[in-house]
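What follows is one structure encoded as structure tokens, with my remarks underneath.
The values are calculated or read from the model by the stated rules, or taken from the named source; none is laboratory data. Just so it is clear, the structure is predicted and the values come from calculations on it, not from any experiment. Every residue, glycine among them, receives a Cβ derived from its backbone with ideal geometry; neighbour counts consider all protein chains shown.
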Amino acid sequence: MKRLMLTPVPLYEQTTLFRIYEHSVIPGLFQTAEYSAAILSYFIDFLDAPNDLDAALQARMERQRIIYSGNRRFIIVLEENALRARVGSPETMAGQLDRLLATISLPRVSLGIVPQAAPRRTFTQVGFWIYDNAMVGVETPTAKLEITQPREIRLYNGMFEHLRQSAVHGAQARALITRAMIGLTEDWTERPNDEPVSG
């Protein structure tokens, strides 16, 4: 896992504009250590990989320094589901959502969130990262695809723009994050007005 965390570092250092779309997780560059540890632990187990969690986590956290160096810009679009998909404990999720609120205020970061009920022009089943106009990275559970054909990159650019147009930003994005944080403290199993579901 440490090797996988280190492999993209040269690409990150060369890139000046990151366009990032994720539908179910927070992007690694903006993860807290606790959230990242939960994700990495899952894949170490799922892939039956050697357990180098501490080294992999350190490498992932060190990658985040690029957010604050150079003249890089980050345009991020998340599905609302990424705010609500439970990773780790409620405390881990609360810390991660709080980190997202801080991320919005970074001057070189634009964060948009696509509400679950938002009208949309496109759909995609996978997250993808566009590195300048040089490459698109698409990660699957077992492999990473590197797309370099100019025509395909243009298609991903168009898809990203459609997703961005469906997203909310600023105060509306903050409201969605805050709502997800409030949802972490709600105990749905003890709602007195719920009727039992018949099977």
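Data for the structure
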quantity	calculated
Subset of region 84-96 [hydrophobic (A, V, I, L, M, F, W, C), modelled with pLDDT of 95 or more and surrounded by fewer than 21 Cβ atoms within 10 Å (Cβ to Cβ)]	Ala94
Region 55-81: number of residues that are charged (D, E, K, R) and out of contact with any strand residue (DSSP E or B) (no Cβ under 9 Å at 6 or more places or on another chain)	4
Residue among Arg108, Arg86 that is free of Cβ contacts under 8 Å to residues at least 60 places away in the same chain and farther than 25 Å from Thr142 by Cβ	Arg108
Single condition Arg151 does not satisfy, out of (1) touching a residue at least 24 places away in the same chain (Cβ under 8 Å); (2) exposed (fewer than 10 other Cβ atoms within 10 Å of the Cβ); (3) basic (Lys, Arg)	(1)
Contacts under 6 angstrom Cβ, first residue in region 163-184 being part of a helix (DSSP H, G or I) and among the polar types (S, T, N, Q), partner surrounded by fewer than 18 Cβ atoms within 10 Å (Cβ to Cβ) and at pLDDT below 95, 6 or more apart	Ser166/Ala118; Ser166/Arg120
Qualifying residue in region 154-174 (condition: farther than 19 Å from Leu29 by Cα, β-branched (Val, Ile, Thr) and surrounded by fewer than 14 Cβ atoms within 10 Å (Cβ to Cβ))	no
Residues being in contact with a strand residue (DSSP E or B) (Cβ under 6 Å, 6 or more places away or on another chain) and either under 16 Å from Ala173 (Cα atoms) or part of a loop (DSSP other than H, G, I, E, B) (or both) - total across region 119-133	3
Output for region 56-70, where each listed residue is surrounded by fewer than 17 Cβ atoms within 10 Å (Cβ to Cβ) and among the aliphatic types (A, V, I, L, M)	Met61, Ile66
Residue in region 44-56 that is under 19 Å from Ala102 (Cα atoms) and without any contact (Cβ under 8 Å) to a residue 24 or more places away in the chain present	no
Residues of region 51-102 that turn out to be among the aliphatic types (A, V, I, L, M) and touching a Pro at 6+ places or on another chain (Cβ under 6 Å), as a count	0
